[in-house]
1. Step through the table entries Lys43/Lys72; Lys29/Lys72; Lys29/Lys80, compare each Cα-Cα distance with 18 Å, and write down the pairs that go over it.
2. Sequence-distant or interchain residues sharing an amide H contact under 5 Å with Tyr56, placed H: which?
3. Could you order the peptides 56-62, 100-106 from most to least packed, using the average number of other C-beta atoms within 10 Å per residue?
4. Sorted by average packing, counted as other Cβ atoms within 10 angstrom per residue and highest first, what order do 85-94, 66-75 take?
5. What are the ³J(HN,Hα) couplings of region 66-78, residue after residue, when phi is run through the Karplus curve with 6.51, -1.76, 1.60 and θ = phi - 60°? Round to Hz, x for glycine and proline.
Amino acid sequence: MDKLVGTVAALLLLGQAAQAADDPREANKQTVMAFYDAAINQKDFAAAEKYLGSHYTQHNPNAADGPQGLKKFLDFLRDKYPAAHSEIRQAFADGDYVILHVLAVREPNTAGVSRSKASAGARTGTA
């Protein structure tokens, strides 16, 4: 019985992976979530930079547009909020647009919502 359950679980996971590979919306969600984790949770500009497209627009009014704006913002987060962490609760995709519902905790009892756009070619910028 345990082998049957394990086999069914493995087949379900393979089916989900195949679906993600066939559906650009799923691929866009995975790209945006990987970017968000690298940038916001790891605060690692080098890891996040590989996801940036030719034009990066930052939706946070306290951060400048462009790769250098993101780098400065991540430096700020690392300095002022080193323990900050965001949990992606849900990801929604509509074509090239990916919207993340995020529980962002910089200080106790704080939360926020973030939205991101993934464009063709698996590059991202926030909207």
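Please treat every number below as a calculation from the coordinates, not as lab data. Predicted model, so just to flag it, every value in this text is computed and none were measured. Glycine also receives a Cβ, built like all others from the backbone with ideal geometry; neighbour counts cover every protein chain displayed.
1. Values: Lys43/Lys72 11 Å; Lys29/Lys72 25 Å; Lys29/Lys80 29 Å.
Violating the 18 Å Cα-Cα cut-off are Lys29/Lys72; Lys29/Lys80.
2. Close amide H contacts, sequence-distant or interchain: Gly66.
3. Values: 56-62: 12.3, 100-106: 16.4.
Going by the mean number of other Cβ atoms within 10 Å, highest first, we get 100-106, 56-62.
4. Numbers: 85-94: 13.9, 66-75: 15.9.
In decreasing order of mean packing, 85-94, 66-75 become 66-75, 85-94.
5. Result, ordered by residue: x, x, 5, x, 5, 4, 5, 5, 5, 4, 4, 4, 4 Hz.
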